[in-house]
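Here is the structure we will look at.
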Number of protein chains: 4
Amino acid sequence: MGKTHADRCHGAAGRPRCPAKEAVILDAALMLLSERGFTRMPLDGVARAAGVSKATIHLRFRTKTELAAAALKTLRPSSAPPETGDVRADLVAQLADFAATLTRTPGMALIGTCLAEEAHTPELLQLFRECAVQPRRDAMRRLLDRACVQGVLASGADPDAVTSALLGASYADHLAGRTTAEGWAERTVAGVLALPVCP
Amino acid sequence: MGKTHADRCHGAAGRPRCPAKEAVILDAALMLLSERGFTRMPLDGVARAAGVSKATIHLRFRTKTELAAAALKTLRPSSAPPETGDVRADLVAQLADFAATLTRTPGMALIGTCLAEEAHTPELLQLFRECAVQPRRDAMRRLLDRACVQGVLASGADPDAVTSALLGASYADHLAGRTTAEGWAERTVAGVLALPVCP
Amino acid sequence: MGKTHADRCHGAAGRPRCPAKEAVILDAALMLLSERGFTRMPLDGVARAAGVSKATIHLRFRTKTELAAAALKTLRPSSAPPETGDVRADLVAQLADFAATLTRTPGMALIGTCLAEEAHTPELLQLFRECAVQPRRDAMRRLLDRACVQGVLASGADPDAVTSALLGASYADHLAGRTTAEGWAERTVAGVLALPVCP
Amino acid sequence: MGKTHADRCHGAAGRPRCPAKEAVILDAALMLLSERGFTRMPLDGVARAAGVSKATIHLRFRTKTELAAAALKTLRPSSAPPETGDVRADLVAQLADFAATLTRTPGMALIGTCLAEEAHTPELLQLFRECAVQPRRDAMRRLLDRACVQGVLASGADPDAVTSALLGASYADHLAGRTTAEGWAERTVAGVLALPVCP
DNA sequence: TATGAATGAGTGTTCATTCAT
DNA sequence: TATGAATGAACACTCATTCAT
C-alpha cells in the first residue's frame, strides 16, 4: 500500500540488494588478488575482509573466477596526469605516473598473477589487458603522436614500438629489482628518445 | 647459504643418492612451474612426471618452496647468439633471441609466477633475477657499451635505461598481447635507438 | 495434528493467501521428491519449478520436511480400475494398474526416498503408508474377500498375506530389475493363487 | 638389505597398506549408508567412525560413490539356512531368514537408498541387485524347483513369479508397517502356495 | 635410500533458513 | 503477502608433509 508504480516496476521486489557490499567485496577481492594471487585468495578471506558471508559473495559472483574477473574490471586507468604544452615533459610525467602505479602496493604482483594464471584462467590476463594495459598504452600513444607532429620524435619510428619501450622499461626495471628512484622517468625517456645524439 | 637440504644433511656417508634423479626432478619441477605456476604445481605431479615418489623429492628438498627455488637455479641464459662485428645487428639478434625465449612455451608464465609469489615466496623472484634476468641484462649491456664506443648510441644515454627499454619492450608487447612477429626486433631497436632521427 | 504451518498461524484475517500457489508448490515438490529424492530436492528447485520464491514456500511450510510431507499427502490412490463380475480378471486388472503406477515415472524412487529417510524423517514413510500403501491394500483386500466368497481363493488363506504377496511381487520384480512386461499380472496372479494345482 | 626377491617383487615397496583399515572403512560406510542414506553419509562421518582420516579414505576410493559401491559389494547373502528334506519347511525357513535380514538393522533403509539414488547414482541399485537381490532369488528359486519336482508346487506356475511373490511379501509387509511376527513366514508360504485349497 | 601410506589443514560451492523491504 | 538478500553450517575433495617399512 502506498507503493507507487515505480516502486513496483523498478525491480524493487524483495529486499533490495545492499549496494555498498558489491564494492566492498570487489575491493577486498582486488586487494587479496594483488597481495596473494588468485590461488592464494580464499573466498573465506575475501568474505572476512569484506565483512560478508561467503554465500553473499556467491550470490553476486557465481564462481571464484567470476569474482576475480569482476575485481579486475574495477581497475581504472589512474587519472592521467594533466597535459602541459611540453610534450617531452608530458611523456616524463606519464611514465612516472605509470611507474608509480606499478610500485604502489601490488601492481607488479597483479600482473604476475594474470600472467601466471594465463594457462588456467585466461580471462584474467584478457581483462587486465583491456582495463589496465590498453588504456595506458593509448594514453602514451597519444602523447607520442603529438611528439611526432612536433618533431620531438623521429617520424620514421614505430610509435607502438616506442610505447612498448617506454612502458616496458618500467617492467624491466621492476623485474631486475632496480629501484626506480628520482629521475628515473627522465633518464628513460632520454634513453629511448635518444635525443642527445642529435645536436 | 645457497646449500640445499641435501647438501646440508649429508656427507659422503651411506648409500649415495642417485644423482640422476636430482636432475630429473628439477626438470619436471621447472616444467610444471612454468606451465602451471607455483600454486598449481602439486608435488604429486612433479613426482609422477619425474617418475619418483613424493617422499624422494622431500628427501632432497625440504619444502615445495625449496624445490621450486632449486628448479629456478637450473635456469641458464640461453647460449648467446654469436657476435658479429655489426653492433646493431648483434643488438637485434640478442633482442630477437630474448623475445623467442619469452615466447617459447612458458617464459612469461614463469615470470608471472615469480612476480605473483613475491609476497609469499620472495626467493623465487630473487633467484629468477640472478639466473635469468641479470645474465640477459649483462649481455645486452655489453653490446650497448660497444655501441657507445662505436658511436651508434649517444654516449650520453644511460645504458641501463636503454637496456631496460629494449628488453622491456618485449615484456610490454607480451603483456599487451601484441604478437611479436617478423621484424619485431628490428623495429624495436630502431624505435629505441631512434637512429633515423640522426641524419 | 495434521495441521500445516499455515493452518495453525492464520485465520481469515489479512490478505488471504493465494490458494493456487499452494497446489503449484506441492505439485513441484512431489515431482522433485520423486525424481530426485528428499535430500536432492533443493528448495530453490521447488521454488523455481513452482514459479515462486523460496520465502513463499517457507511461509506455508515451516521446514523442508513439512513441505515434503504435505506433498506426499496429495498422493491419491489412482482411480481404481472398474470392477467387472469376474473376480480373477479384476485382481489381474488391479495388479496391473499397481505395477503401472510403480513403473510410471517415479513410483519406486518415491518409495525409496521414504524408506531411506525413515530414520531421519519418519513422517514421510508414515504418510506414504496412509496415502498410498493402505488405500491400495484395501482395494486389493476387498477383491480378495470377494474371491473367497466365490471360492476362487481358499477360504483358509490369510487374505493379508495374499495381498502382500500379490503387491509385493511388483516390488520384488522392480527391485530385481525384472521388466514387468505383457502378461506379468496374469502370471503373478496365477503363481500366487496357484489355482492350476487344483484339478 | 636382507630383502628377499619376494619382498621386492610382491609389490612390497614402501609402507604397506594397513589391511585392517580397508575393512573398517567399508564397515563404517555400510553402516552409515544404511542408517542415514547416501546423501546423509558424510565422508567425515565415515572417517570418524572408522578412526582414519578422510584422505585415507580417498586413497582407496576415489569418490564417495566408489566408496559406497565398495561398501555395497561387501554385502554377502547371509549363510543360507540349512536344507532339510522337507521342501516346504525349507521354503519357510528361507523366507523367515530373508525377513529377518530385512528387519535386522537397516535392510529396508538400504534398499530405500539404492532405489532413491537410482536416478543419480545407478551403480548402487545395480550392485545391490548383484550382491543382495539375485543371490537371494537364486536360493529361493532352487527351492522352488525342488518343490515342483516333488509336486508341492503346481508345475505350471512360473517359478520366478512365485519367487517374487514370496520375497515381495516381505517388502510389502515392511512397507505397510505390518510387523512380521511369529508365524509370518508360514502364513505367507501358505497363502502363496495356496495348498489348503486342494483337499 | 626410496617407497607408498597416512594425515590435517584448507577450499570452492551448496543449501535450508531468516531478514528486510 | 511475497520477494530477493543474507547467512552459517556442511561437504567432497586436494595437497604438502610426515611415517613406517
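Which residue of chain A is nearest the rotation axis onto chain D, counting by its Cβ, and what is the distance in whole Å?
So the closest residue, with its distance, comes out as A:ASP44, 9.
Based on alpha-carbon atoms only, what is the radius of gyration of segment A:16-73 relative to the globular estimate 2.2 N^0.38 Å?
Compactness ratio reported: 0.97.
Could you give the DSSP H helices of chain B that reach 15 angstrom or more along their long axis (alpha carbon positions) and whose average Kyte-Doolittle hydropathy is no lower than -1.0?
Length and hydropathy pass: B:19-36, B:87-103, B:159-176.
Using the Cα gyration tensor of segment A:6-132, with a ≥ b ≥ c the square roots of its eigenvalues, what is the shape: rounded (a/c below 1.5), prolate (a/b larger than b/c) or oblate (neither)?
oblate
Which residues does a label at A:ALA119 reach in segment B:49-66, if reach means a backbone N under 14 Å from a point 7 Å past the Cα toward the Cβ?
B:49-50
If we count trypsin sites (Lys or Arg not before Pro) as exposed when they sit in a DSSP loop and have at most 13 other beta carbons within 10 Å, what is the longest stretch of chain A that avoids them all?
A:105-199
Quick one: with label points 7 Å out along Cα→Cβ, list the inter-copy distances for C:GLY51 in nm, shortest first?
4.1, 5.8, 6.5
Taking 8 Å as the Cα distance limit and 6 or more residues as the minimum spacing, I'd like the relative contact order of segment B:71-199 as a percentage. Kindly include the intermediate steps, with their values, before the conclusion.
Details: 89 pairs, mean separation 39.0, N = 129.
Relative contact order here is 30 percent.
Please report, for A:PRO82, the nm distances (one decimal) from its label point, 7 Å out from Cα along the beta-carbon direction, to the equivalent points in the remaining copies, shortest first.
5.9, 9.6, 10.8
Among A:LYS73/C:LYS54; B:LYS64/D:LYS21; C:LYS21/C:LYS54; D:LYS21/D:LYS64; B:LYS21/B:LYS64; A:LYS73/B:LYS64, which pairs are too far apart, with a Cα-Cα distance over 22 Å? Numbers along the way, then the final one.
Details: A:LYS73/C:LYS54 32 Å; B:LYS64/D:LYS21 30 Å; C:LYS21/C:LYS54 12 Å; D:LYS21/D:LYS64 17 Å; B:LYS21/B:LYS64 16 Å; A:LYS73/B:LYS64 33 Å.
Pairs exceeding 22 Å: A:LYS73/C:LYS54; B:LYS64/D:LYS21; A:LYS73/B:LYS64.
Considering just Cα atoms, how many Å³ per residue does the convex hull of segment C:77-199 enclose?
Once divided by residue count, the hull of segment C:77-199 is 114 Å³.
Where the eigenvalues come from the Cα gyration tensor of segment D:152-193, what are the semi-axes √(5λ) of the equivalent ellipsoid, largest first, in whole Å?
Over the Cα atoms of segment D:152-193, the ellipsoid semi-axes are 21, 12, 5 Å.
Keeping all protein chains in place and using 1.4 angstrom, which order do C:HIS174, C:HIS120 fall into by accessible surface area, from largest down?
So the residues, ranked largest to smallest area, are C:HIS120, C:HIS174.
Ignoring ligands, DNA and RNA, what percent of the 1.4 Å accessible area of chain A is carbon and sulfur? Before the final figure, lay out the partial values.
Working: 5480 of 9760 Å².
Using a 1.4 Å probe with all protein chains present, chain A comes out at 56 percent carbon and sulfur.
Percent of Cα-Cα pairs more than 53 Å apart in the protein assembly as shown, please.
43 percent
For chain C, set up a Gaussian network in which alpha carbons nearer than 10 Å are linked by springs, and say which option among C:ALA55, C:ALA69, C:ALA116 fluctuates the most.
Among C:ALA55, C:ALA69, C:ALA116, the largest mean-square fluctuation in the Gaussian network model of chain C belongs to C:ALA55.
What whole number of Å gives the distance from the Cα centroid of segment B:131-165 to the Cα centroid of segment C:46-61?
One Cα centre to the other: 71 Å.
How large is the helix-only mean residue ellipticity at 222 nm for chain D, computed as the sum of -39500 (n - 2.57) over DSSP H runs with n ≥ 4, divided by its residue count, in deg cm²/dmol to the nearest 500?
Result for chain D: -19500 deg cm²/dmol, rounded to the nearest 500.
Scanning chain A for GluC sites (Glu not before Pro) in DSSP loops with at most 16 other Cβ atoms within 10 Å, what's the longest stretch left with none?
So the longest stretch without any such site is A:84-181.
Quick one: with label points 7 Å out along Cα→Cβ, list the inter-copy distances for B:ALA181 in nm, shortest first?
Values, ascending and in nm: 4.4, 6.6, 9.1.
The values are calculated or read from the model by the stated rules, or taken from the named source; none is laboratory data. What you see is a predicted model, and the numbers here were worked out from it, not measured in a lab. In this analysis, Cβ positions are derived from the backbone assuming ideal geometry, glycine residues included, and neighbour counts consider all displayed protein chains. Heads up: the accessible areas ignore ligands, DNA and RNA and are worked out on the full protein's heavy atoms, side chains in. Shrake-Rupley method; radii C 1.70, N 1.55, O 1.52, S 1.80 Å.
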